[in-house]
Amino acid sequence: MSIRRLDGKTVIVTGANTGIGKETARDLARRGAKVILACRDLKKAEEARDEIIASTGNINVKVQHLDLSSLSSVRQFAEHINKTELRLDVLINNAGAAGMNHKLTRDNLSIGMQVNHFGPFLLTCLLVGLLKKSAPSRIVMVSSILHKYANFDIDNLNSEKWFGSTQVYNCSKLANILVANELARRLKGTGVTANSLHPGTVITDVWRRASRITKAFVFGILKFYVKDSVEGAQTTIHLAVSEEVEKVSGKYFVDCKEAKPSKLALDEGLAKKLWEKSEMMVGLKSEENPF
């Protein structure tokens, strides 16, 4: 693992109040970075901030409200960051949820896809300008090995043809990789890299809404591979700080090493279609589009 310092750097970690996100934020704070915990639950986020400050001695750990199930919240968060931060060196799209019920958000989007895909997609688009200004900079997308089991349908992103919460999760994690790969292509030559990863099987709050059957299936099959949150954060940290991957972009990592994702994840045509449809579904305005 790299011992690189991040003094003078600014990092955003979504979903940083617990689990992998919290341990990622702690490690980056320990390296001297300014770390912004972007979280929906402010009480838990403030508790995490205080704990991280106490354990690292870095007082430059901030909390900012971000609810990925609300496109308005995503826009408000991005507007605040763009107005108040001089730089953004690393954006870590870590937040996610599994086992979400089949319901629509106020934005009329499937809640599982919005929290795991549409919200992070919009957030990244709105912050790309600042990332470019701060280059070399990095985008890290936390995906999952479960993307390999996605029954993906570009015409079913919003569960128009209903399927269960497990498939929504799997498809959203495939979308994370496709978006990271498309970002890598669109950002080529800018000094901004984009990569995705599987953190390992980690028992975190991501699975708090999952049914007992889903939890039994996931953790029953993979129980011998389960990691704790510190272990699960290592690949995210590697992509955020390591000199080895400074110029690597559009790749998928497992256990801090480049790995091969599913065939669908490497489909450039599908990635482009997903990107264009996602722009439409989140209502990305021309003045917001950095590409």
Mean accessible surface per residue for the stretch 238-291, computed with a 1.4 Å probe while every protein chain stays in place, in Å²
59 Å²
Can you give the local net charge around residue 149? Use residues other than it whose beta-carbon is closer than 15 angstrom to its beta-carbon, Lys and Arg +1, Asp and Glu -1.
+2
Using modelled amide H (1.01 Å from N, peptide plane; none on Pro or chain starts), what sits under 5 Å from the amide H of residue 158, excluding residues fewer than 5 places away?
none
Once all protein chains are kept in place, residue 102 shows an accessible area at probe 1.4 Å, nearest 10 Å², of 100 Å²
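Taking the solvent-accessible surface of protein heavy atoms with a 1.4 Å probe, what is the per residue accessible area of the stretch 1-150 in Å²?
Values: 5890 Å² over 150 residues.
With all protein chains present, the stretch 1-150 gives 39 Å² per residue.
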With every protein chain in place, what's the accessible area of residue 257 (1.4 Å probe, Å², nearest 10)?
140 Å²
Residues of the stretch 240-271 with backbone nitrogen within less than 16 Å of a virtual label 7 Å along the Cα-to-Cβ line of residue 188, please, listed as ranges.
247-251, 266-271
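Which percentage, to the nearest 5, of the DSSP beta bridges contained in the chain is antiparallel?
Numbers: 4 of 32 bridges.
Restricted to the chain, the bridges split so that about 10 percent are antiparallel.
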Cross-link partners of residue 251 among lysines (Cα-Cα below 16 Å; sequence separation of 8 or more within a chain):
148, 173, 188, 260, 263
Run the numbers on the stretch 1-153 and let me know its relative contact order in percent, using alpha-carbon pairs under 8 Å that are six or more apart.
22 percent
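Please give the charge dipole size of the stretch 1-157, origin at the Cα centre, charges +1 on K and R Cβ atoms and -1 on D and E Cβ atoms. Round to the nearest 20 debye. Walk me through the numbers on the way to the answer.
Values: 22 positive and 15 negative charges, 102 e Å.
Using only the charged Cβ atoms, the result is roughly 500 debye.
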Could you calculate the FRET efficiency of residue 55 with residue 85 from 1/(1 + (r/R0)^6), where r is the beta carbon distance between them and R0 is 25 Å, rounded to 0.05?
0.55
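Using per-residue counts of other Cβ atoms within 10 Å, averaged over each peptide, order 277-283, 94-100 from highest down.
Working: 277-283: 16.6, 94-100: 24.7.
Highest to lowest by the protection proxy: 94-100, 277-283.
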Using a 1.4 Å probe on the protein chains only, how many percent of the accessible area of the stretch 87-141 belongs to carbon and sulfur?
44 percent
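The values are calculated or read from the model by the stated rules, or taken from the named source; none is laboratory data. Fair warning: this is a prediction, and the values are worked out from it, not measured in the lab. As a convention, Cβ positions derive from the backbone with ideal geometry for all residues, glycine included, and neighbour counts pool all protein chains shown. Heads up: the accessible areas ignore ligands, DNA and RNA and are worked out on the full protein's heavy atoms, side chains in. Shrake-Rupley method; radii C 1.70, N 1.55, O 1.52, S 1.80 Å.
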